[in-house]
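Notes for the one structure printed next.
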Amino acid sequence: MYHIIIDKIKQYDKIVIHRHKNPDLDALGSQLGLQGIIYDNFQGKEVCVVGDENEFSFIGAMDQVEDAFYHDALAIVVDVAVKGLVSDHRYQYAKEVMIIDHHLNKNDFGDLWCSFTDHIAVAQILTHMAIENELNVSPDTANKLLAGIISDSGRFFYPSVNAITFKCAAFLIEKGADLQALYQNMYNEDLNYKKLKGHFINHFKTTKNNVAYMKNQNNLKTRYKVSTFAVSRGMVNQMAGIEGVPIWANFTEDDDGLILCELRSKELPIVNIAKKYGGGGHALACGCTVNSWDEVDRVLQDLDALLESRHING
Ligand SMILES: [Mn+2]
């Protein structure tokens, strides 16, 4: 499928790259990495990156793009295939929209959907594409792509890490990525953040069948001076890797009153429960957004019931 992506890029002189809201380092790393790959390999193109920014902006800045730029342009959307989650809706103004994603959700927009669900990160897809097609990769581009792979693989820890993950990481380091500099940016944390981890470790609860969970009201963010995202996505894995806890879930009230649900599982796929509540993601790492704490309890009951049925079925 890589040739489809490359051919499409070759067809356009103007390209805008989008990704999901609240970007993680795979969204940003693949967005900025793809911009780099295009500049490193294809002459005479103007490539912009757009979207909201957060604490991961150390990896690179976004561009200010006029609406008119989208005229006759290609929009590439990375790391998301669901319309409502894309940052900056103006991708719709482009002549064509191509999606490059690795989540299990089917796309609900776009002209071309390039789906690679066996890759742990979009940054890994792009790196693998560069290897297979002998594309140039500058040290700066290599850094961005490696950040995406490290972050979406949980520093090479999650179940979908495989030989290709390490092959891609090795390739990027050969191309000049600075692993130690990345680690210093990625794993040096604020004191507040460290203390918030302590709060999680000391206060999470478990259901009857050992789903670990936390319900985080809005005041928690004020107390620790952190964002919704830092609590929601950032803290869910404080409940990971615990003997006897096969599933863990983190429920965080957002500023608008909606509740973000981050769901994780060691082995048992749970993405259908996320999908039932309008979300999605990966088999073992997924999420959804619900309207009330009552609905949170229903999500928890569904997760617990899944474990209950597993116990019954042996
Ligand atoms: Mn990703």
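Taking the Cβ-Cβ separation of PHE156 and LEU258 as r and a Förster radius of 30 Å, what is the calculated FRET efficiency to the nearest 0.05? Mind dumping the intermediate values first?
Numbers: r = 33 Å, r/R0 = 1.10.
Between PHE156 and LEU258 the formula returns 0.35.
Plugging the Kirkwood radius over Cα pairs into Stokes-Einstein for the chain, at a temperature of 25 °C and a viscosity of 0.890 mPa s, what D comes out in µm²/s? The partial results should precede the final answer.
Working: Rh = 20.3 Å.
For these conditions, the coefficient is 121 µm²/s.
Please go through segment 1-56 and write out the chymotrypsin sites (Phe, Trp or Tyr not before Pro) that DSSP classes as loop and that have at most 12 other C-beta atoms within 10 Å. Intermediate values should be presented prior to the final figure.
Numbers: sites: TYR2, TYR12, TYR39, PHE42, PHE56; in loops: TYR12, PHE42, PHE56.
Hits after loop and neighbour filter: nothing returned.
Between ASP178, ASP254, ASP63, find the one with the highest GNM mean-square fluctuation for the chain; connect C-alpha pairs within less than 10 Å.
Largest GNM mean-square fluctuation: ASP63.
Treat each spin label as a single point 7 Å out from the Cα along the C-beta direction, and report the THR117 to GLU174 distance in nm.
Distance between label points: 3.1 nm.
For VAL16, list long-range residues whose amide hydrogen, built 1.01 Å from N in the peptide plane, is under 5 Å from its own amide hydrogen.
Excluding prolines and chain starts, which carry no amide H, the hits are CYS48, LEU74, ALA75, ILE76.
How far apart, in nanometres, would the label points at ASN185 and LYS276 be if each is projected 7 angstrom from Cα along the Cα-to-Cβ direction?
Here the answer is 4.0 nm between the modelled labels.
Strictly over 26 Å apart at the Cα level, which of LYS225/LYS276; LYS106/LYS266; LYS10/LYS275 would you flag in this model?
Details: LYS225/LYS276 32 Å; LYS106/LYS266 23 Å; LYS10/LYS275 36 Å.
Exceeds cut-off: LYS225/LYS276; LYS10/LYS275.
Given points 7 Å out from each Cα along the Cα-Cβ axis, report the SER309 to ALA163 separation in nanometres with one decimal.
Placing both labels 7 Å beyond Cα along the Cβ direction yields 3.6 nm.
In whole angstrom, and with the biggest value first, how far do the Cα coordinates of segment 192-312 range along each principal axis?
The principal-axis extents, from largest down, are 43, 30, 23 Å.
Please list, ordered by chain and number, the residues whose modelled amide H lies under 5 Å from the amide H of SER87; skip anything fewer than 5 residues away on the same chain.
Close amide H contacts, sequence-distant or interchain: ARG19, HIS20, LYS21.
Using only the alpha-carbon atoms, how far is helix 25-41 inclined from the longest principal axis of the chain? Give it as 0 to 90 degrees, nearest 10.
Its long axis makes an angle of about 10 degrees.
Would you please state which residues of segment 170-191 a label at PHE58 would reach in this model, taking the label point 7 Å out along Cα→Cβ and a backbone N cut-off of under 12 Å?
180-190
Does anyone have the angle between helix 2-11 and the longest principal axis of the chain? Alpha-carbon axes, 0 to 90°, nearest 10?
Value to nearest ten degrees: 50.
Calculate how many DSSP beta bridges within segment 2-186 are antiparallel, expressed in % of all such bridges and rounded to the nearest 5.
Values: 1 of 19 bridges.
Here the share of antiparallel DSSP bridges comes out near 5 percent.
Setting aside same-chain residues fewer than 8 positions from LYS221, which lysines have a Cα under 20 Å from its Cα?
LYS21, LYS194, LYS195, LYS197, LYS205
Over segment 192-312, what is the percentage of antiparallel beta bridges among all DSSP beta bridges, to the nearest 5?
Working: 17 of 23 bridges.
Of those bridges, close to 75 percent are antiparallel.
Based on DSSP H runs of at least 4 residues, each adding -39500 (n - 2.57), what is the mean residue ellipticity at 222 nm of the chain after dividing by all its residues, to the nearest 500 deg cm²/dmol?
Details: 11 runs with 126 residues, N = 314.
The per-residue figure over the chain is -12500 deg cm²/dmol.
Just the number, please: percent antiparallel of the DSSP beta bridges in the chain, rounded to the nearest 5.
Values: 18 of 42 bridges.
Close to 45 percent.
On a straight-distance basis, which lysines could pair with LYS8 in a cross-link, Cα separation under 17 angstrom, same-chain partners fewer than 8 positions away excluded?
LYS45, LYS95
Sorting check: for 226-232, 92-98, which peptide has the highest mean count of neighbouring beta carbons within 10 Å, and how do the rest follow?
Values: 226-232: 20.6, 92-98: 17.7.
Listed from highest to lowest mean packing, they are 226-232, 92-98.
Values in this text are rule-based calculations from the coordinates and carry no lab data. These numbers were taken from a predicted model, which means no experiment stands behind them. Cβ coordinates were reconstructed from backbone atoms using ideal geometry, including for glycine residues, and neighbour counts include every protein chain displayed.
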